[in-house]
1. What whole number of Å gives the distance from the Cα centroid of segment 155-190 to the Cα centroid of segment 273-291?
2. How tilted is helix 307-317 with respect to the longest principal axis of the chain? Cα atoms for both, answer in degrees (0 to 90, nearest 10).
3. Taking R0 as 25 Å, what's the FRET efficiency between residue 357 and residue 378 from their Cβ-Cβ distance, rounded to 0.05?
4. What do you get for the angle between helix 407-418 and the principal long axis of the chain? Use alpha-carbon atoms, 0 to 90 degrees, nearest ten.
5. Taking neighbour counts of Cβ atoms within 10 Å as a proxy for exposure, in what order, fewest first, do 288, 54 appear?
6. For a footprinting-style exposure proxy, rank 400, 420 by other Cβ within 10 Å, fewest first.
7. On C-alpha positions alone, give me the angle between the axis of helix 227-247 and the longest principal axis of the chain, in degrees, nearest 10.
8. Do you know the relative contact order of the chain, to the nearest whole percent, from alpha carbon pairs under 8 angstrom that are 6+ apart?
């Protein structure tokens, strides 16, 4: 198949919104299960000057003059990870950049949800600019030609105008007849700045799910029995309030909680073989009272932390509800020769390969010690700079910079004072 390029024109307010498609260059990523983000590099963490898995193209051209909008990676304004994508321009811009994801193979006749977290500054439509959403979804056929939808060439999500802190925008739409691939686009078509992070494309979940909405959650299950939800609702909402208050972080919007009858069923729908996991603002679990996942969702707002800090902070925050004293538990582990070295499990691979009945309590007790001796703010500062992709050596260096001591020394003090 030859690689050809085609321009599809969407007429909006008398102007032309150009949607560029690369026919024949599409890469089929396979049929993904519901709940799995179909996009590669959805948070723009990798690649420069264009993020891996994305293509820079022209989103809008309003005249023959070529005064381009600007784009950059911003490591100061991020929703998660280390950077976001920033697009900006003013009234002189005539040609607006757009970033489109790699074409993803889709299922015909299904519904798809596309979403992103968006932050804006002084976004306003002036002159001959176009009021167009910052996020859109485009469908193409097997040859890469754009397949028209009810709104023209693309489905657009709502546009944020003015100045807004991080806000989740999303929309669920049907795939049109003849569509084989889908692409999510990020664009700015008017004056101002927009930051985009955590972009997602998901196949809509199967029919047959029943839902119950509460103050902070939307619970989903494949049966109509609301009683289990009513029994855990207050406990989960109270736990969420407590974690938010302790971390001084607020979860915006509601948490979607999907309950599965078995790990096998969860694996079938989400593609992840575990009894529970967190995905953005969603919890997927085989049990109703997944406090730990609620905690992890909030902890993840601090950054993409190493397992030692991520799980340790979560366990520490749950200590009272677990009904155990982490110091006493680790003291017994130490006497039995089962307490792992914190310096060893600071390595992510070592952490995940060691039994969780040893790593989780040790991490939780050590984090408790750090918070009690040096305060939560210092731990949060370390969490924000210690990335899970860091090597053990890099993490140990960041730990020393944060606490002024080697982790080995701090571990010795913790074990001597608290795990006798």
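A short reminder: the numbers here are calculations on the coordinates, not readings from a lab. What you see is a predicted model, and the numbers here were worked out from it, not measured in a lab. Positions of Cβ are backbone-derived with ideal geometry, glycine not excepted, and every protein chain shown enters the neighbour counts.
1. Each part's Cα centre sits 27 Å from the other's.
2. So the inclination is approximately 70 degrees.
3. Working: r = 28 Å, r/R0 = 1.13.
With R0 = 25 Å, the Cβ-Cβ based efficiency is 0.30.
4. Taking Cα atoms only, the helix is inclined about 50 degrees.
5. Numbers: 288 16, 54 24.
Fewest-to-most Cβ neighbours within 10 Å comes out as 288, 54.
6. Details: 400 15, 420 9.
Fewest-to-most Cβ neighbours within 10 Å comes out as 420, 400.
7. The helix 227-247 is inclined about 80 degrees to the chain.
8. Values: 867 pairs, mean separation 55.1, N = 420.
Relative CO of the chain lands at 13 percent.
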